[in-house]
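Visitor: Let me begin by handing over the structure; questions about it come next.
Every number here is computed from the coordinates shown, using simple stated rules; none is lab data. Please read these numbers as outputs of a predicted model, since none were measured by experiment. No Cβ is skipped: glycine too gets one built from the backbone with ideal geometry, and neighbour counts run over all protein chains shown.
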Amino acid sequence: MLEATEGISVYELVSYGRFPHQNYLGSLSDTDNEKINWAMEITKVVEFANEKVDSLSGGQRQRVWIAMALAQDTDTIFLDEPTTYLDMNHQLEILELLQKLNQDTQKTIIMVLHDLNLSARFSDELIAMKAGAIKYHGKVQDIMTADILRDIFNIEAHIVQDPIHNRPILLTYQLT
């Protein structure tokens, strides 16, 4: 999980997302403040605006980092393990937020997740890498298969269809 400089407020950290858009004096414009406030509202961190980031829980902190990325106002957001060190409740909270952002704003979200079931549940497409190179890329149903998991991870995987989300899930596995 990313760590903030000690003593920095939530608003200040989110405002760093506007850095590429600031003038040479580094001051925030009305547009910058609108983007910052929008990002904080959509990630539900407005109530923490004046709190120190290092005083927040892991899930709250992760939402603040996502707000900073949103404040930058790019078409694509890259996230590396946004659910690491979070309990199941906060993992779902973060991934549902990202899914809603994707659906509501049409932003492309590219993220690294090592939990295959969360990847399958919340992704439209998966990329599977082996030895540092992309080996497979495609729709979740096409990538989340026993054959591909055997090739990538050297495991025998038992994949079933999740009856609630209609997605493949890894039920159990063992080494080959």
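Visitor: Under a 5 Å amide H to amide H cut-off, with H placed in plane at 1.01 Å, what residues pair with ALA49 once short-range neighbours are removed?
Guide: Hits under the 5 Å cutoff: none.
Visitor: Continuing with this model, one more query. With a 10 Å Cβ neighbour count serving as the proxy for reagent exposure, in which order, fewest first, do ARG150, ARG63 appear?
Guide: Details: ARG150 14, ARG63 25.
Taking fewest neighbouring Cβ atoms as first place, the list is ARG150, ARG63.
Visitor: Per residue, how much space in cubic angstrom lies within the convex hull of the C-alpha atoms of segment 112-176?
Guide: Output value, Cα hull per residue: 78 Å³.
Visitor: Sticking with this structure for a sec: Please state the Cα pair-distance histogram of the chain with 10 angstrom bins from zero: what percent is in each bin?
Guide: For the chain, the binned pair fractions read 9, 33, 30, 18, 9, 1 percent.
Visitor: Near THR176, within a Cβ-to-Cβ distance under 12 Å, what is the net charge of the other residues, with Lys and Arg +1 and Asp and Glu -1?
Guide: Numbers: positive: ARG150; negative: ASP147, ASP151, GLU156.
Combined, the nearby Lys, Arg, Asp and Glu give -2.
Visitor: For the chain, what does the helix formula give at 222 nm: sum of -39500 (n - 2.57) over DSSP H segments with n ≥ 4, over the residue count, nearest 500 deg cm²/dmol?
Guide: Working: 7 runs with 70 residues, N = 176.
Result for the chain, helices only: -11500 deg cm²/dmol.
Visitor: For segment 1-99, evaluate the Debye formula with one uniform point scatterer on each Cα (no solvent term) and list log10 I(q)/I(0) at q = 0.14 Å⁻¹, rounded to two decimals.
Guide: So the normalised log intensities are -0.49.
Visitor: Please compute the length gained on full extension between LEU28 and LEU175, using 0.36 nm multiplied by the number of residues separating them and subtracting their Cα-Cα distance.
Guide: On the way: separation 147, 0.36 × 147 = 52.92 nm, distance 5.40 nm.
Stretched fully, the LEU28-LEU175 segment lengthens by 47.5 nm.
Visitor: Okay, moving on. How much length, in nm to one decimal, is gained on full extension between HIS137 and ASP54, taken as 0.36 nm per residue of separation minus their Cα-Cα distance?
Guide: Values: separation 83, 0.36 × 83 = 29.88 nm, distance 3.74 nm.
Using 0.36 nm per residue and subtracting the Cα-Cα distance, I get 26.1 nm.
Visitor: How much length is gained on full extension from VAL160 to ILE110, taking 0.36 nm per residue of separation minus their Cα-Cα distance?
Guide: Numbers: separation 50, 0.36 × 50 = 18.00 nm, distance 2.51 nm.
Between VAL160 and ILE110, full extension yields an extra 15.5 nm.
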